[in-house]
Structure formats: structure tokens, C-alpha cells
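Worksheet: the structure to be examined is printed underneath.
The values are calculated or read from the model by the stated rules, or taken from the named source; none is laboratory data. Remember, predicted model here, so these are calculated numbers, not experimental data. Using ideal geometry, Cβ is built from the backbone for each residue, glycine included, and neighbour counts are taken over all protein chains shown.
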Amino acid sequence: MRSSSSFLKLVVLLSLIGILVSGKLLSIHNRFTSGQASLTESCSIGGGHGCIDIAVSDYSVVFGVPLAAIAMGYYFAILILAIWALRSYQAANEPLYTSFFLSTLAVVVTVVMFVISNYILKQFCQWCAMLWVVNLAVWPCLVKQLGLGWYMYP
């Protein structure tokens, strides 16, 4: 494991961004599925309805739990694990490898959600795209922090 914590601090920042964006997505989901917002209201930057269409789709819920709430829990877990690793250098391997495992799952979910959004629903949500970028940025930060490489040892 690397002694520098710069990548770990970046993971903390990315997880905070993920918490905020997933909170926004959870708010959008709750407003539109409960009927508190009108369908003419836009949540997109360009005035489209991509976010709304995705938020009310069958793909936005897993076993009755909004996917945005699961994402928020993931980012809280990554935040807690990263802070744990920052606080205790001697015991940093456990939270870092747990974060790496969770982040690897998040990358798989990101690819699946990208495919569903763009090829099945044919909609684009900029808030979802922000989470995709955050997920795809956390993973290499953890790879670098752990000192993992793309090579095989002899």
C-alpha cells in the first residue's frame, strides 16, 4: 500500500459528491413517483425529461428500494471506509480492500445502468451520468492507493 494519502483524499471528495448527487436523484425519484411534481416539470439542464423517464421506470427500483437510495448507501460506506483508512494507517488494508471490492461492483452496475439508460430506455439523465463518472473515478483512485498494477509478478 502506498504511504501517500492523496488518492484516498480524492476518494473522500468523490464520495461526498456521490452522496449529494444520489440525494438529488432520490429527491427526483420520490417527487415524481409520489405525484408531488408535475410531469411538465423538468429536472434536466436542457429542459428534457430524461431524468423523469428514468426515475419513474421499472429500472429505478431494486426489490422496492430506489436505486438512488442504494447508491447513497454505497457512497456513505465508501466515505466511512476511506476515513477509517486515513485515520489508521496500520489497519488501512481492510477498509481499502473492502472499498476496492465495493467499487468494482459499482463499476459493473455503472456499465449495466449505462446500457439500460442509453439502449433500453433511450434516455439521458445528467445526474445519473455524474454518478457514472464518480464511480469510474473512485475505482482507479483505490487501485493507485493500494499500489495495485496491471502487470503480473514473475
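Annotations for the structure displayed:
- Here Ser34 clears all of (1) modelled with pLDDT under 85; (2) surrounded by 16 or more Cβ atoms within 10 Å (Cβ to Cβ) except the condition numbered (2).
- Residue selection: Ala85 satisfies the criterion of being at pLDDT 85 or above, assigned to a helix (DSSP H, G or I) and more than 20 Å from Val21 (Cβ to Cβ).
- Residue satisfying all of: in the range 50-65; touching a residue at least 24 places away in the same chain (Cβ under 8 Å) and of a type outside the set (A, V, I, L, M, F, W, C); farthest from Gln36 (Cα to Cα) among these: Tyr59
- Any hit, the range 61-76, residues being farther than 18 Å from Phe114 by Cα, of a type in the set (Val, Ile, Thr), modelled with pLDDT of 90 or more and surrounded by 15 or more Cβ atoms within 10 Å (Cβ to Cβ): no
- In this structure, Val107 does not qualify as surrounded by fewer than 12 Cβ atoms within 10 Å (Cβ to Cβ), in a helix (DSSP H, G or I) and not aromatic (Phe, Trp, Tyr).
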